[in-house]
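S.K.: First, the structure itself, so that you have it in front of you.
Each value in this text was obtained by applying a stated rule to the coordinates, not by laboratory testing. Values in this document were obtained by computation on a predicted structure and should not be read as measured data. So basically every Cβ, Gly included, is an ideal-geometry build from the backbone, and we count neighbours across all protein chains shown.
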Amino acid sequence: MNVLHIDCSPRPESHSRYLSVAIVQKLLEVSPAASITRRDLGADPLPHATADYATTLSSLATLAAPVKGSLDHAEALIHEVEAADVIVMGTPMHNLTVPSVLKAWIDQVLRAGRTFKSTPAGKVGMLRDRPVFIGIASGGVFSGERANQPDFLTPYLSVVLGSIGLKTLQFLFVQATAFLDGDQATLARGKRLRRST
Ligand SMILES: Cc1cc2nc3c(=O)[nH]c(=O)nc-3n(C[C@H](O)[C@H](O)[C@H](O)COP(=O)(O)O)c2cc1C
């Protein structure tokens, strides 16, 4: 089993990293020989879409004759997804939705004719479905009875990942982290977990 482990927090010690590591550890308990591919978008952010990349994506004609080299980076990221049997993602909520580093990854991975087909009825995924576990950390509360803000993160990710064929999503939350972040013991526990993987 190959696990693609993606983290998005800019913080080296973080709740969403703690969650994603805990999920990976559970998978390793089930499948100890699993290989892990790391994509740390928080520590190594991707560049935003370049002029060449945007020009290539601007029409079906330019997609058929891409600017030389403009898709190389995106291809590498798509190959990571294709090679994965399971994807584990840890992400913070930033201003009610995904952080910009995850949006930059999405902008490279979604491409007409490569990861989805554009049809009159909408996008149809071209990738094989596989389980995607998404650990989300938020300073406030966005789900359940005590929610005090809208959630543009989980519906957005569901539509975006679903549009390329990834429909088996499992969301796990740690909310109200603003009340935990004075507690160094919580973050230290995550640090110990991460060191052991
Ligand atoms: C730029 C920025 C925007 C944020 N926006 C929100 C938000 O809209 N809602 C919320 O509940 N928390 C928000 N937070 C708080 C983070 O979600 C919270 O600190 C979370 O624990 C971050 O994840 P991490 O611990 O994995 O870094 C924001 C934090 C930052 C840095």
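S.K.: Using the crude model of +1 on Lys and Arg Cβ and -1 on Asp and Glu Cβ, and no other charge, please compute the dipole size for region 2-195 relative to its Cα centre, in debye to 20. Numbers along the way, then the final one.
M.R.: Numbers: 20 positive and 17 negative charges, 42 e Å.
Dipole about the Cα centre, nearest 20: 200 debye.
S.K.: Using only alpha carbon pairs under 8 Å that are at least six residues apart, calculate the relative contact order of the chain and give it in whole percent. Let's see the in-between values first.
M.R.: On the way: 340 pairs, mean separation 52.0, N = 197.
In percent, rounded to a whole number, it is 26.
S.K.: For region 105-112, take each phi angle, set θ = phi - 60°, evaluate the Karplus expression 6.51 cos²θ - 1.76 cosθ + 1.60, and give the result in whole Hz per residue in order, putting x for glycine and proline.
M.R.: Values per residue, Gly and Pro as x: 5, 4, 5, 8, 8, 8, 8, 4 Hz.
S.K.: In cubic angstrom, how much convex hull volume per residue do the alpha carbon atoms of region 1-79 span?
M.R.: Numbers: hull volume 9.0 nm³, N = 79.
Taking only Cα atoms, region 1-79 has a hull volume of 114 Å³ per residue.
S.K.: To one decimal place, what Kirkwood hydrodynamic radius in Å is obtained for region 108-172 from all pairs of distinct Cα atoms? Before the final figure, lay out the partial values.
M.R.: On the way: mean 1/r = 0.0759 Å⁻¹.
This gives a value of 13.2 Å.
S.K.: Using the Karplus equation 6.51 cos²θ - 1.76 cosθ + 1.60 (θ = phi - 60°), what ³J(HN,Hα) coupling, rounded to whole Hz, does each residue of region 135-146 give in order, writing x for Gly and Pro?
M.R.: Ordered by residue, 3J(HN,Hα) equals x, 10, 10, 9, x, x, 10, 10, 9, x, 5, 8 Hz.
S.K.: Quick one: Debye curve from the alpha-carbon atoms of region 2-195 only, equal weights, vacuum; give me log10 I(q)/I(0) at q = 0.10, 0.13, 0.15, 0.16 Å⁻¹ to two decimals.
M.R.: Results for region 2-195 at q = 0.10, 0.13, 0.15, 0.16 Å⁻¹ read -0.44, -0.73, -0.94, -1.06.
S.K.: While we're on this one: When we measure straight from the Cα of residue 68, which lysines land under 24 angstrom away, once same-chain ones fewer than 8 places off are left out?
M.R.: Output for residue 68: 103, 117.
S.K.: Provide the net charge surrounding residue 108, with neighbours chosen by a C-beta distance below 13 Å and charges set as Lys +1, Arg +1, Asp -1, Glu -1.
M.R.: -1
S.K.: Could you work out the longest stretch of the chain that avoids the trypsin sites (Lys or Arg not before Pro) located in DSSP loops with at most 12 other Cβ atoms within 10 Å?
M.R.: Values: sites that count: 68, 128, 146.
Between the exposed loop sites, the longest stretch runs 1-67.
S.K.: Give me the number: length gained by fully extending residue 60 to residue 28, i.e. 0.36 nm times residue separation minus the C-alpha to C-alpha distance, one decimal in nm. Working shown, then result.
M.R.: On the way: separation 32, 0.36 × 32 = 11.52 nm, distance 4.19 nm.
That pair, residue 60 and residue 28, stretches by 7.3 nm at full extension.
S.K.: Okay, next question. What list of ³J(HN,Hα) values in whole Hz, one per residue of region 32-41 in order, does the Karplus curve 6.51 cos²θ - 1.76 cosθ + 1.60 (θ = phi - 60°) give from phi, with Gly and Pro shown as x?
M.R.: My calculation for region 32-41 gives x, 8, 4, 9, 10, 9, 9, 9, 9, 6 Hz in order.
S.K.: So if we plug the beta-carbon distance of residue 79 and residue 149 into 1/(1 + (r/R0)^6) with R0 = 41 Å, what FRET efficiency do we get, rounded to 0.05?
M.R.: Numbers: r = 36 Å, r/R0 = 0.88.
Efficiency computed from Cβ-Cβ geometry: 0.70.
S.K.: Once amide H atoms are built 1.01 Å from N in the peptide plane, which residues 5 or more positions from residue 90, or in another chain, come under 5 Å H to H?
M.R.: 6, 7, 8, 135
S.K.: Something else now. For the pair residue 35 and residue 11, what calculated FRET efficiency results from E = 1/(1 + (r/R0)^6), where r is the Cβ-Cβ distance and R0 = 25 Å, to the nearest 0.05?
M.R.: Working: r = 26 Å, r/R0 = 1.05.
FRET efficiency, residue 11 to residue 35: 0.45.
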